Amino acid sequence: MAKPQAEAGQRERVQSLEPVTSKVGIEMPEALDVTEPATEELQELLPVTGGALSAATVERCCIQGWLGERFAIIAYLSEQSSLSMQETLALNILKSLGDDVSNTVGPVRWPLFNNLRVGLNHATHLQGVLRDLFASCTDKTVVSLGDANDLLSEALGKPVDVRFVPGVAELAGDPALKRELWHQIKRLVVSG
């Protein structure tokens, strides 16, 4: 296989740097031949080994949290609906619990990279990000909106206090869902 013409130019650039690197005490590594396939040992270290990931294996989501003194609303947001409308509704839910926002976390858009072969797109990585972002929620009463697979409970290390599967965008357009959510959270107002 013939080597590309650009390689000769790269060698010239590296050779022009050699006098500079020797003056500052830096050793230049030997050039690697990347035209050969990776060794078996290296292939075992790669995040994806065979078969391409599909979009279905990486959960696409947008998550935001509104933290008050006693309560936290953590919601999956719809990117097809107005984000400000969803935020207003989440803030109103927090206010109905008798709390005000002291901190807003997010939004976190997942997957992190559009390239599905990047190893940092897995659900375990999302869990780690959420764990770090919502670490201050361990002493708060948590209301989860739109979390159909219980990812937030796993990330928080405790069950959420109210898990409402419909998301904020669904709540905005459906008074019956709002009533259902209110029936689930009104006990928190009495006990909180």
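Worth pointing out:
- Cα-centred dipole magnitude for region 59-191, charges only on beta-carbon of K, R (+1) and D, E (-1), debye, nearest 20: 80 debye
- The alpha carbon gyration tensor of region 140-192 gives principal lengths a ≥ b ≥ c with a/c of 1.5 or higher and a/b no greater than b/c, which makes the shape oblate.
- The convex hull around the C-alpha trace of region 59-191, projected and averaged over every direction, spans 7.6 square nanometres.
- Each of the peptides 169-179, 69-79 was scored by the mean count of other Cβ atoms within 10 Å over its residues; in descending order, highest first, they stand as 69-79, 169-179.
Values quoted throughout were computed directly from the atomic coordinates according to the rules given, and no laboratory measurement underlies them. Given the structure is predicted, the values throughout are model-derived calculations rather than measurements. Glycine gets a Cβ as well: all are built from the backbone with ideal geometry, and neighbour counts include every protein chain shown.
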